[in-house]
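Peer 1: There's a structure below that I have some questions on.
Read-outs: derived from the displayed coordinates by stated rules, not from any lab. Note that this is a predicted model, so its numbers are computed, not measured. Note: ideal-geometry Cβ built from the backbone for every residue, glycine included; neighbour counts use all protein chains shown.
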């Protein structure tokens, strides 16, 4: 009796199905998967783009030399939309479904802090390349899987206070902080840094990301006698502070964390954007090192839309990510494995790496999982769309 058509088709399909089942796992192992969770949309999309470019350029260099563990690196990118819950979902997808060996974190401290417990629980190395919240790496875990090539709030806050004193002779700074965990992290750091310099803080004011008028908070700081403002917020809210100051006609110096660098600050803040002095970890502008020139040339070749230094703003996103990827590849090579626990030990085994930001000497230890120190910071300002270093 002849086979019924559907059943015959099943039998005919079996050899292909079996072959696919046998081949697919092998194909899945052809690359070493690494992930990125960052804000790829919204006001901070420019920073997400910069991070992706820094990672991608480093991957090209690593893959050109044969990859890691004999495999080419593949980068999987997920948009967290600056939302902590979405960031955790993205991290879970990368680790549990895509089986990444390690993953990189993006811009927002609240997102990174939300991801930290998951990284430690799953023993998956999580490398920060922007978010500066001190508790990200100093998270109290017995086995800490969170590393960072970026600024650290406690160190930044000391630098902000020192700069305000040196540049503007500050005696009574006012704090204007975004109302989220990043603002809280810096409130503690700025209080401690001010106390260490015996400065009296005029006042501490908070505001929300979607506030379009910060005049009430700024008015209170003005009345309290603030002689300089210490600002902590990302692009859009920082721009609202600048515009509110313009509406008030209050020409007070602003010393800022690096939030304004993360996107369309000059467009949003207007002409007064140039008045804001903010901290960075790297700048291509005024940088004549061979490494900086080589990376800049590589970026222009890979991304033809880059025509000038203004097109690589924010440079910190590129530089932090570039060095972080090379350090992570070194850690995996040291580990000789894609297993999280071994990669963690691989980070501690790195002796030296001649990076873009600096030459790293023993960058990580169980006691310090931040590769950059206060000596790696510089102050900058916007000139047009370009971020330029300040000479004093």
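Peer 1: Do the sum for the chain: with -39,500 (n - 2.57) for every DSSP H run of n ≥ 4, divided by all residues, what is the mean residue ellipticity at 222 nm, to the nearest 500 deg cm²/dmol?
Peer 2: Roughly -14500 deg cm²/dmol at 222 nm, from the helical runs in the chain.
Peer 1: Mind checking the angle between helix 290-302 and the chain's longest principal axis? C-alpha axes, 0 to 90 degrees, to the nearest 10.
Peer 2: Long axis of 290-302 versus the principal axis of the chain: about 60 degrees.
Peer 1: Continuing with this model, one more query. Calculate log10 I(q)/I(0) of segment 154-280 for q = 0.12, 0.15 Å⁻¹, where I(q) comes from the Debye formula with a single equal point scatterer on each Cα and nothing for solvent.
Peer 2: For segment 154-280 at q = 0.12, 0.15 Å⁻¹, log10 I(q)/I(0) is -0.36, -0.59.
Peer 1: Which whole-number percent gives the relative contact order of the chain, counting Cα pairs below 8 Å spaced six or more residues apart?
Peer 2: Answer for the chain is 17 percent.
Peer 1: Rank the residues 150, 375, 337, 47 as a footprinting-exposure proxy: fewest other Cβ atoms within 10 Å of their Cβ go first.
Peer 2: 375, 337, 47, 150
Peer 1: Now for a different question. Show me, bin by bin at 5 Å from 0, the whole-percent P(r) of segment 118-197 based on Cα pairs.
Peer 2: 3, 15, 21, 19, 16, 11, 7, 4, 2, 0
Peer 1: Using mean Cβ contacts within 10 Å as the protection proxy, how do 153-159, 39-45 order, highest first? Don't skip to the answer; put the middle values down first.
Peer 2: Values: 153-159: 22.6, 39-45: 20.7.
Result, highest mean Cβ count within 10 Å first: 153-159, 39-45.
Peer 1: Next up: Going by average Cβ density within 10 Å per residue, which order do the peptides 363-369, 161-167 take, highest to lowest?
Peer 2: My ranking of the peptides, most packed first, is 161-167, 363-369.
Peer 1: Let me ask you something else. Give me the percent of Cα-Cα pairs in segment 261-369 that sit more than 24 Å apart, rounded to a whole number. Please report the intermediate quantities before stating the final value.
Peer 2: On the way: 2351 of 5886 pairs.
Summing the P(r) of segment 261-369 above 24 Å gives 40 percent of all pairs.
Peer 1: For a protection proxy built on the mean count of beta-carbon atoms within 10 angstrom, sort 277-290, 316-329 highest first, please. All intermediate terms of the calculation are to be shown ahead of the outcome.
Peer 2: Values: 277-290: 17.9, 316-329: 27.6.
Ranked from most to least packed, the peptides come out as 316-329, 277-290.
Peer 1: Still on this structure, please answer the following. So what's the Cα pair-distance distribution over segment 78-216, bin width 10 Å, in %?
Peer 2: Values per bin, smallest distances first: 12, 36, 30, 17, 6, 0.
Peer 1: Could you compute how fast segment 55-114 diffuses translationally, taking Rh as the Kirkwood radius over C-alpha pairs and applying Stokes-Einstein at 37 °C with viscosity 0.692 mPa s? Give it in µm² per second.
Peer 2: This corresponds to a translational diffusion coefficient of 259 µm²/s.
Peer 1: While we're here: Just to be sure I understand: of the beta bridges DSSP finds with both ends in the chain, what percent are antiparallel, rounded to 5?
Peer 2: Within the chain, antiparallel bridges account for around 25 percent of the total.
Peer 1: Given bins 5 angstrom wide, list per bin the percent of all Cα-Cα distances in segment 77-144, short to long.
Peer 2: 3, 19, 34, 27, 15, 2, 0
Peer 1: On a 0 to 90 degree scale, rounded to 10, what angle separates helix 5-28 from the longest Cα axis of the chain?
Peer 2: Relative to the chain, helix 5-28 is tipped by roughly 50 degrees.
Peer 1: Principal axes first, then extents: for the Cα atoms of segment 318-391, list largest minus smallest coordinate on each axis, whole Å, largest first.
Peer 2: Largest to smallest, the principal-axis extents are 46, 22, 18 Å.
Peer 1: Report, largest value first, the span of the C-alpha coordinates of segment 254-311 along each principal axis, in whole Å.
Peer 2: Cα extents, longest axis first: 34, 23, 15 Å.
Peer 1: Which whole-number percentage describes the relative contact order of segment 85-166, with Cα contacts under 8 Å and a sequence gap of 6 or more? Before the final figure, lay out the partial values.
Peer 2: Numbers: 111 pairs, mean separation 20.6, N = 82.
That works out to 25 percent.
Peer 1: Please tell me the relative contact order of segment 154-280 in percent, rounded to the nearest whole number, where contacts are Cα pairs under 8 Å and at least six residues apart.
Peer 2: Once divided by the residue count of segment 154-280, the mean separation gives 26 percent.
Peer 1: Principal axis extents for segment 229-269, Cα atoms only, whole Å, descending order, please.
Peer 2: 26, 20, 12
Peer 1: Same structure again: First obtain the Kirkwood hydrodynamic radius of the chain from its Cα pairs, then insert it into the Stokes-Einstein equation at 37 °C and 0.692 mPa s, and state the resulting D in µm² per second as a whole number.
Peer 2: The calculation lands on 149 µm²/s.
Peer 1: Treating the angle as unsigned and between 0 and 90°, give the value, to the nearest 10°, between the Cα long axis of helix 153-168 and the longest Cα principal axis of the chain.
Peer 2: The angle comes out near 30 degrees.
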